[in-house]
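Report on one structure; see the data block that follows.
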Amino acid sequence: MKNIILAITMILIFSACSATKVQHLRMYKSTYLKDEKTKAHYHLSMAIEEAKKNNDYKTLGVLYLSECGLNNSLGIKDNCDKYLAIKDKINNPEYDAFIDLIHKKIKKDQVKYLCKNYTTFVNAMLDKDYKKANEEVLKIEPLTSRLVSAYLIKDHLEIQTIRDIINENYYYGYKKAVLYWMRELRDRVSDEKEKREIIKKINNLENE
């Protein structure tokens, strides 16, 4: 495929991928965000095993970057060491641009290597036009890419943008993402009554 789609929850599907591999990748993203740790580990491991068996370093790189991106998008520090260990076998500027993006090191001349739906957002972020960046976050597809983008400008997200992110992830049952952003909302709101309500919701969700 000519264009590689990358993103803290985005998977590249090459034309050579089997239907089984695609299903494992899809299920990994979903179960990870639902905080179903055992299932997420299983699906990612199966996809990695198949890529290794076929010496498919490009797909393997995407899997490692996807894992790293999802972790970072939910505040779990990940240096992408698994990807860096095979980086020299891939040597792809699109992969390099993505890893620099999730580590907030991307430069203007790398934006062209990102998926097109990222371009406007990343340029706004680099220009420190956070009003526009907030608008663009909610337009980015798929949802995992929105989570990565939101994380990148977390300190500049408007409260309403955070609410929208929470509501959307709640709709899909993405408990891990909902909890992360509800904690962020808790720390941002000034109204004590609302803060108490958010804390109650967090406690209820944690105990489910």
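The values are calculated or read from the model by the stated rules, or taken from the named source; none is laboratory data. All of these numbers come straight from a predicted model, not from anything done at the bench. FYI the Cβ positions are ideal-geometry reconstructions off the backbone, even for glycines, and counts take in every protein chain you see.
Go through the stretch 147-158 and give me each residue that's part of a helix (DSSP H, G or I) and surrounded by fewer than 20 Cβ atoms within 10 Å (Cβ to Cβ). Matches in the stretch 147-158: K154, D155, H156. Within the stretch 99-116, can one find any residue that is polar (S, T, N, Q) and either touching a Phe, Trp or Tyr at 6+ places or on another chain (Cβ under 7 Å) or assigned to a helix (DSSP H, G or I) (or both)? The answer is yes, given that some residue of the stretch 99-116 is polar (S, T, N, Q) and either touching a Phe, Trp or Tyr at 6+ places or on another chain (Cβ under 7 Å) or assigned to a helix (DSSP H, G or I) (or both). Every listed requirement among (1) crowded, with 20+ Cβ neighbours inside 10 Å; (2) more than 28 Å from Y83 (Cα to Cα) is met by D127 save one, (1). Here E208 fulfils each of the conditions (1) in contact with a helix residue (DSSP H, G or I) (Cβ under 9 Å, 6 or more places away or on another chain); (2) in a helix (DSSP H, G or I) apart from (2).
This table checks each residue for (1) in a helix (DSSP H, G or I); (2) loosely packed, with under 14 Cβ neighbours inside 10 Å; (3) at pLDDT below 95; (4) of a type outside the set (A, V, I, L, M).
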| position | (1), (2), (3), (4) |
| --- | --- |
| T120 | yes, no, no, yes |
| A133 | yes, no, no, no |
| S145 | yes, no, yes, yes |
| D164 | yes, no, no, yes |
| M182 | yes, no, no, no |
| N204 | yes, yes, no, yes |
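Within the stretch 31-56, track down each residue that is of a type in the set (K, R) and assigned to a helix (DSSP H, G or I). Matches in the stretch 31-56: K37, K39, K52, K53. Given the conditions (1) outside any helix (DSSP H, G or I); (2) within 16 Å of the chain's Cα centre (by Cα), which single one is not true for K128? For K128, the failing item is (2). State which residue is nearest to the chain's Cα centre (by Cα) when the search covers only the stretch 38-78 and only residues that are closer than 22 Å to S145 by Cα and of a type in the set (S, T, N, Q). This residue is S73.
Say whether the condition of being hydroxyl-bearing (S, T, Y), out of contact with any helix residue (DSSP H, G or I) (no Cβ under 7 Å at 6 or more places or on another chain) and within 28 Å of L126 (Cα to Cα) is met by at least one residue in the stretch 165-178. Within the stretch 165-178, not a single residue is hydroxyl-bearing (S, T, Y), out of contact with any helix residue (DSSP H, G or I) (no Cβ under 7 Å at 6 or more places or on another chain) and within 28 Å of L126 (Cα to Cα). So, in the stretch 72-117, of the ones that are among the aromatic types (F, W, Y) and touching an Asp or Glu at 6+ places or on another chain (Cβ under 9 Å), which residue ends up surrounded by the fewest Cβ atoms within 10 Å (Cβ to Cβ)? Going through the qualifying residues, I end up with Y113.
For the stretch 1-54, the set of residues classified as of a type in the set (G, A, S) and at pLDDT 60 or above consists of S30, A40, S45, A47, A51, listed by residue number.
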